[in-house]
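Inspection log for the structure reproduced underneath, given as structure tokens.
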Amino acid sequence: MSAATVVLMWEARAVEGRGAELLEWARARSAELSREPARRELLRAPQDRVLVMTWWEEASYADDLPELPEPDAALITRPVHRWRFEAVD
């Protein structure tokens, strides 16, 4: 695939009652990425879920792009879900 805009999605579910802590953890880790994305959004949802989306311009789907790490296992109820999308015209 040629260079385009690639969007990385990172989603985790916190242990019940720890959603605010997971959100702050994700906010801090997203500020520490090795490169600055073109755009970044943090979102939350019921069941203490947190979603982080980062946009990477002039990237290819297979590029090695900075991603958030896995939080401490005691903070989450399951492994992090990760997806990659390529923007289309």
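For the chain, the per residue solvent-accessible surface stands at 63 Å², with DNA, RNA and ligands left out and a 1.4 Å probe.
Suppose the chain between residue 87 and residue 4 were pulled fully straight at 0.36 nm per residue; how much longer would it get relative to their current alpha carbon spacing?
Gain on extension, residue 87 to residue 4, equals 29.2 nm.
Can you work out the FRET efficiency for the pair residue 63 and residue 24, with r the C-beta to C-beta distance and R0 = 22 Å, to the nearest 0.05? Result of the calculation: an efficiency of 0.20. Listed values (1) -0.21, -0.25, -0.71, -1.45; (2) -0.50, -0.54, -0.90, -1.18; (3) -0.26, -0.31, -0.75, -1.21 include one computed from this model; for log10 I(q)/I(0) by the Debye sum over Cα atoms at q = 0.10, 0.11, 0.18, 0.25 Å⁻¹ that value carries the label (3). At an R0 of 25 angstrom, the distance between the Cβ atoms of residue 47 and residue 70 translates into a FRET efficiency of 0.85. Carbon-plus-sulfur accessible fraction, the chain (probe radius 1.4 Å, protein heavy atoms only): 50%.
The values are calculated or read from the model by the stated rules, or taken from the named source; none is laboratory data. If you're wondering where the values come from, they're calculated on a predicted model, not measured in any experiment. Glycine gets a Cβ as well: all are built from the backbone with ideal geometry, and neighbour counts include every protein chain shown. Heavy atoms of the whole protein, side chains included, go into the accessibility calculation; ligands, DNA and RNA do not. Shrake-Rupley method; radii C 1.70, N 1.55, O 1.52, S 1.80 Å.
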